[in-house]
Structure formats: C-alpha cells, structure tokens
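The values are calculated or read from the model by the stated rules, or taken from the named source; none is laboratory data. Predicted, not measured: the structure shown is a model, and the values here were computed from it. With ideal geometry, Cβ positions are generated from the backbone for all residues, glycine too; neighbour counts draw on all protein chains shown. These accessible areas exclude ligands, DNA and RNA; they are computed on the full protein's heavy atoms, side chains included. Shrake-Rupley method; radii C 1.70, N 1.55, O 1.52, S 1.80 Å.
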Amino acid sequence: MVVSPQLIVRLVLLGLAVVILQVAAVSQVVLFGATADLTPLAVAAVGLMCGSITGALFGFFVGLFFDAALVQTLGLTSLVCVIAGYGAGRLRELRDPQATVVPMIVGAVATAITTFGYGLMNFMLGIDAPVSFLLLRVILATIVFNAIIAVPVFALIRRCLGPALPDDPRRRRRRAYTTGGLSPLSRA
C-alpha cells in the first residue's frame, strides 16, 4: 500500500490524540474495576485500514510515545503494539474481513495481546508487580470493555483516516464483477 503524505500527517495527529486522550482522560474513568485502553484499539484499527506495515509502524510510534508520556520503560508498549498492529494488518491482507463484528473481535484480541504481552514483558524483566486473580479479573474486564467500545472507536478512526486512504483495487474489482460490468464470461 502506498502511503500518501496526507495519510502520514493524519496518522501522526491520530497517534498524538490517542495517547494524550488515553493518558489525560480515559485512564481516569474506572468502570467495574477496569479502564478502557484506546491504544490497542487505535493500533488495530489502523492495521485493519492501512495494512500490516503501516499498522506495525503506527503501533511502534504510538507505543513509544505512550511509554514516554507515562515515564515507563521505553519499548515495552511499542513491542506489544507492533505485534497487535501487524496482526490486524495481516488479517486485512489475507482475509479482507467485511463482517460487522470484526472490530469487536479484533479489538478484543489486540487488547488481550497488549495487556498479557505487557504483563509478561514486565515479569520477564523482573519488575515487581503483584500477580493474583484480581489482576486477571481486571485484565479480562479491560478486554470486555474494549470489545464493547471497539465499534465506535473503529468508526471514528475510519472517519478520520477515510479521506486519505487510497481506494483498494481488490474491492473495486470485486464490485465490477458483481454488477455485471467487466466479467469476461458475460461476453460469451
């Protein structure tokens, strides 16, 4: 996928807005002991809309900015966001999902990858953190909460990036065949 300068500018602004909104507002709202995490949802949405390489790069820079904003160990969030963005992009490239539940499923999987991956990386680095069933309950509540808000977040990101996204030639070709236009079989 060719990335236009307009799309790059929109992705940079989107990344800044997501991290600032997450740190300043969304992380302060606690519902059933869990908070929403916009970072994996935004990374997965960009991966689904722009492809695997763009999703992975967006995940890296958003994760790096998130770590710098919270003064954490640099690179941990970047690593797990790269995996989430690349996975969502590969799903788009291999399957081209069109179902309406795809944002919920991809949002839940991306959240699970980032939360469990971040916890695993902290554990492997020896950072002391309490591990209990309460932590597992909070992680599962975050995954469910993110799956619920994934559809409006994906729609908002599609609206922000939509004018800068190039047309997908695979979809255009498929539509032409279904309308009876360009099929080589119709000439026989």
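Listed peptides 122-128, 139-145, 101-107 appear in the order 101-107, 139-145, 122-128 once ranked by packing, highest mean of other Cβ atoms within 10 Å at the front. Between Leu13 and Ala141, the distance separating the two model label sites (each 7 Å from Cα on the Cα→Cβ line) works out to 3.6 nm. In the context of the full set of protein chains, residues of the chain present 58 Å² of accessible surface per residue (probe radius 1.4 Å, heavy atoms only).
Net charge within 11 Å of Val46 by Cβ-Cβ distance, Lys/Arg positive one each and Asp/Glu negative one each, not counting Val46 itself?
+3
Dividing the convex hull volume of the alpha carbon atoms of the chain by its residue count gives 126 Å³ per residue.
Computed from the C-beta positions of Gln72 and Gln28, the FRET efficiency with R₀ = 22 Å rounds to 0.80. Between Leu134 and Leu21, the modelled label-to-label distance comes to 3.1 nm, taking each label 7 Å out from Cα in the direction of the beta carbon.
Put simply, the convex hull of the Cα atoms in segment 76-159 casts, on average, a shadow of 6.1 nm². Calculated [222 nm] ellipticity per residue, helices only, for the chain: -24500 deg cm²/dmol; basis is -39500 (n - 2.57) per DSSP H run with n ≥ 4, divided by all residues, nearest 500.
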